[in-house]
1. Filter segment 116-135 for residues that are surrounded by fewer than 19 Cβ atoms within 10 Å (Cβ to Cβ), in contact with a Gly (Cβ under 9 Å, 6 or more places away or on another chain) and within 13 Å of GLY308 (Cα to Cα) and give the result.
2. Quick check on segment 177-185. Is at least one of its residues under 17 Å from THR210 (Cα atoms), in a loop (DSSP other than H, G, I, E, B) and more than 16 Å from the ligand (Cβ to nearest atom)?
3. Kindly list, by first and then second residue, each pair from a residue in segment 63-86 that is within 15 Å of MET381 (Cα to Cα) and at pLDDT 95 or above to a residue that is part of a helix (DSSP H, G or I) and of a type outside the set (Lys, Arg), limited to pairs with Cβ atoms under 6 Å and residues at least 6 apart or on different chains.
4. Looking at (1) within 22 Å of PHE237 (Cβ to Cβ); (2) more than 25 Å from the chain's Cα centre (by Cα), which is the one condition that is false for GLY343?
5. Could you grab me the full set of residues in segment 377-415 that are assigned to a helix (DSSP H, G or I) and either more than 20 Å from GLY332 (Cβ to Cβ) or charged (D, E, K, R) (or both)?
6. So which of SER113, SER90 ends up being surrounded by fewer than 19 Cβ atoms within 10 Å (Cβ to Cβ), polar (S, T, N, Q) and either closer than 30 Å to GLU375 by Cβ or within 24 Å of the chain's Cα centre (by Cα) (or both)?
7. Give the residue, chosen from GLY248, GLY262, GLY274, that is closer than 19 Å to THR136 by Cα, within 16 Å of the ligand (Cβ to nearest atom) and assigned by TED's automatic domain parsing to the domain that holds CYS172.
Amino acid sequence: MAAASTPQSFLLQHPLYPSLKTLSYIPSKQHLRPRPRLSTVSCTAVHPAPASPSVTKDQDRIFNFAAGPATLPESVILKAQSELYNYHGSGMSIMEMSHRGKEFDAVIKRAESDLRLLLAVPDDYAVLFLQGGATTQFAAVPLNLCEPDDAADYIVTGSWGDKAFKEAQKFCKPNLIWSGKSDKYTKIPPFEGLEQNPNAKYLHICANETIHGVEFKNYPTPSNRDAILVADMSSNFCSKPVDVSKFGVIYAGAQKNVGPSGVTIVIVRKDLIGNAQPITPVMLDYKIHADSASLYNTPPCFTIYICGLVFEDLLEQGGLVEVEKKNAKKAGILYDAIDGSDGFYVCPVEKSVRSLMNVPFTLQKTDLEKKFIEEAAKEGMIQLKGHRSVGGVRASIYNAMPLAGVEKLVAFMKDFQARHL
Ligand SMILES: Cc1ncc(COP(=O)(O)O)c(C=O)c1O
């Protein structure tokens, strides 16, 4: 796996530019832009596909530790590439098709059924492919589940849960029943001691806090028998099996574990649909989208198509039980490296709730963090900077991060430590 250290070196390695290797000057960006293929005018309705540059597995790919949009499985990218120009002989790409045509209809239905298989989604739950990011769900959840004066409980274990709680204040009466803010969001509370509101319509959690690296390993039960559990699973969606029946609503932005940005998946128990507040915009009303099978308006077709390829890939890997094993192994070697560094690296999160997806850590010598991140990037490991609100380092190791990426990071950490003792 070769790292491209400069744009020029990346392009010089690119198969589109074999002849540039012989150039004796550094070409400007303009010179390096791929020249459009000159096509001849043809009278046939479908042009033959141009010979595609032969991009092979592992060529020029770096290890991308970004928190989202994040790395995708190589096999998915290569498959999308192979189908891009002429999707299944249709003479056009999936991006150019009607969302009401037979090809896309098959894509969205397959994506839904594969996701249902992966998570064993019970029949009494709807699966919706929506837009607006998980941020929109911060409003959609109270709008669909509450009247303006209804109570809802929020456990806030990080910045995303906090944002959800604050947005809900516009649409219902949320209670903050626990916050980890005073501990810098490094903990999850014991569930027994939580003082839930007996009238709360729902209990909201963020299953994995992407910025702080705190993950629920099991889930609280709402004390009110009629209340439901709602989870923002954006950053650990499909990273492990989940008992969907424990939740009333699960929502997740795709751009971490299951696809590119642009789609938010909502899994909602069907009996909860149809009670949205009258002011609810159509785009936020679960009933509108459930009744039209996520095709009320133009959906993000390409994103849904890629999500479908990711779901297929996860099923081929043996489903989420196998995926979780791989994730646990990757996270294990990274946390072991941190904990075994004699304090050179420090992960502040309580061990029992450390995320398998986002691993934040600091260097004891904080002035070395910038150098660490820069040197790692030179070695082909990018996006290791912690979120701007907390600083430090963060390695996001979602499903698609190969074990080799984590092993390379750990080897780099050990080497960096040895050089800076
Ligand atoms: C846990 C969590 N919730 C919500 C969001 C917001 O997602 P979006 O940017 O798709 O609105 C993010 C984004 O990183 C996240 O990590």
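1. Residue satisfying the conditions is LEU117 alone.
2. Taking every residue of segment 177-185 in turn, at least one turns out to be under 17 Å from THR210 (Cα atoms), in a loop (DSSP other than H, G, I, E, B) and more than 16 Å from the ligand (Cβ to nearest atom).
3. Here the result reads PHE63/GLY405, each pair linking segment 63-86 to a residue that is part of a helix (DSSP H, G or I) and of a type outside the set (Lys, Arg).
4. Just one mismatch for GLY343, condition (1).
5. Passing the criteria: ALA377, LYS378, GLU407, LYS408, LYS414, ASP415.
6. Numbers: SER90 fails: either closer than 30 Å to GLU375 by Cβ or within 24 Å of the chain's Cα centre (by Cα) (or both).
Answer to the selection: SER113.
7. Unique residue meeting the criteria: GLY262.
Condition check ((1) part of a loop (DSSP other than H, G, I, E, B); (2) of a type in the set (Ser, Thr, Tyr); (3) surrounded by 23 or more Cβ atoms within 10 Å (Cβ to Cβ); (4) not assigned by TED's automatic domain parsing to the domain that holds ASP285) across all residues:
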| residue | (1), (2), (3), (4) |
| --- | --- |
| ASP149 | yes, no, no, no |
| ASP153 | no, no, yes, no |
| LYS163 | no, no, no, no |
| LYS166 | no, no, no, no |
| ILE211 | yes, no, no, no |
| LYS217 | yes, no, no, no |
| THR221 | yes, yes, no, no |
| ASN236 | yes, no, yes, no |
| LYS240 | yes, no, no, no |
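The values are calculated or read from the model by the stated rules, or taken from the named source; none is laboratory data. Source: prediction; values computed, not measured. Glycine gets a Cβ as well: all are built from the backbone with ideal geometry, and neighbour counts include every protein chain shown.
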